[in-house]
1. When only residues in segment 110-119 that are in contact with a helix residue (DSSP H, G or I) (Cβ under 7 Å, 6 or more places away or on another chain) and surrounded by 16 or more Cβ atoms within 10 Å (Cβ to Cβ) count, which is nearest to ASP149 (Cα to Cα)?
2. Could you check segment 84-124 for strands (runs of 3 or more DSSP E) lying wholly inside it with 1 or more residues that are within 16 Å of ILE173 (Cβ to Cβ)?
3. Kindly indicate whether any position in segment 197-210 is surrounded by fewer than 20 Cβ atoms within 10 Å (Cβ to Cβ), in contact (Cβ under 8 Å) with a residue 24 or more places away in the chain and part of a loop (DSSP other than H, G, I, E, B).
4. Listed residues THR92, THR102; which is surrounded by 11 or more Cβ atoms within 10 Å (Cβ to Cβ), in contact (Cβ under 8 Å) with a residue 40 or more places away in the chain and farther than 18 Å from THR8 by Cα?
5. Any chance segment 126-139 includes a residue that's assigned to a helix (DSSP H, G or I), of a type outside the set (Asp, Glu) and touching a strand residue (DSSP E or B) at 6+ places or on another chain (Cβ under 9 Å)?
Amino acid sequence: CGQLVCETKVAIVHPDTLTRCAEDEVGEIWVSDPSMAQGYWQRPEATEETFGAYIKDTGEGPFLRTGDLGFLKDGELFINGRLKDLIIIRGTNHYPQDIEWTVQHFNSVFRPDYGAAFSITDEGEEKLVVVQEMERRTGDLDTEKLLGDIRQEIAEEHEIQTHAIVLAKSGTILKTASGKIQRRACRQNFLDGTINTVAVWSENPELVAKFE
């Protein structure tokens with residue numbers, strides 16, 4: 001987050017309707033700047049979509065669609081996360097980092113900053129999955145109680161039901177070189193059943209069976 005540079009124009013836009021968001025409202029960050037790149041080499045369609053965006057209700061543009069989510073407040077830009085990581089279940093947006101924070105801060109056996117929340121399509125619906133690393137030394141654990149506590153915490157804090165939870169061994173969650181959680185890679189590992197687990201729970205027994 002921070003103050004905007006004078007020559008940089010920033011708009012917060014609804015990514016679906018392409019209309020401008022109100023102040024304090026979270027949307028996709030669009031940027032216009034004289035030093036901005038002109039597009040992708042020999043990829044005209046991708047260039048137009050990413051570098052040639054116009055706000056639908058005002059006609060302002062062109063803007064670069066950054067793919068980041070954020071909001072403006074008192075002239076400062078605050079970044080919430082990536083649009084591609086946004087969890088949308090039954091028409092409601094949920095930010096994965098908020099769910100991850102809830103899980104990691106209610107019990108010290110969970111390793112901070114080493115969890116991933118994402119959605120999968122199961123039985124024709126988008127459903128929430130949480131993968132959370134455990135601390136290396138936790139002693140004897142009642143994993144069944146921990147799994148139930150996670151479901152309860154998420155339901156109370158975010159009003160959403162959890163479809164599957166994986167308690168993973170330390171060193172499981174992948175990160176980028178800059179330390180960001182690789183949620184899409186974690187999602188793929190979950191679907192493949194390749195996560196090194198301590199315990200697994202799901203409403204769908206077929207998902208649990210992948211880890212047996």
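1. PHE110
2. Here the list reads 110-122.
3. Within segment 197-210, one or more residues are surrounded by fewer than 20 Cβ atoms within 10 Å (Cβ to Cβ), in contact (Cβ under 8 Å) with a residue 24 or more places away in the chain and part of a loop (DSSP other than H, G, I, E, B).
4. Every option except THR102 fails the conditions.
5. no
To keep it simple, each residue is scored yes or no on (1) over 21 Å from GLU23 (Cβ atoms); (2) more than 13 Å from the chain's Cα centre (by Cα).
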site: PHE51; (1), (2): yes, yes
site: ASP68; (1), (2): no, no
site: GLU76; (1), (2): no, yes
site: ILE99; (1), (2): yes, no
site: THR102; (1), (2): yes, yes
site: PHE110; (1), (2): yes, yes
site: GLY124; (1), (2): yes, yes
site: VAL130; (1), (2): yes, no
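Values in this text are rule-based calculations from the coordinates and carry no lab data. Treat the numbers as computed from the prediction; the structure is a model and nothing was measured. With ideal geometry, Cβ positions are generated from the backbone for all residues, glycine too; neighbour counts draw on all protein chains shown.
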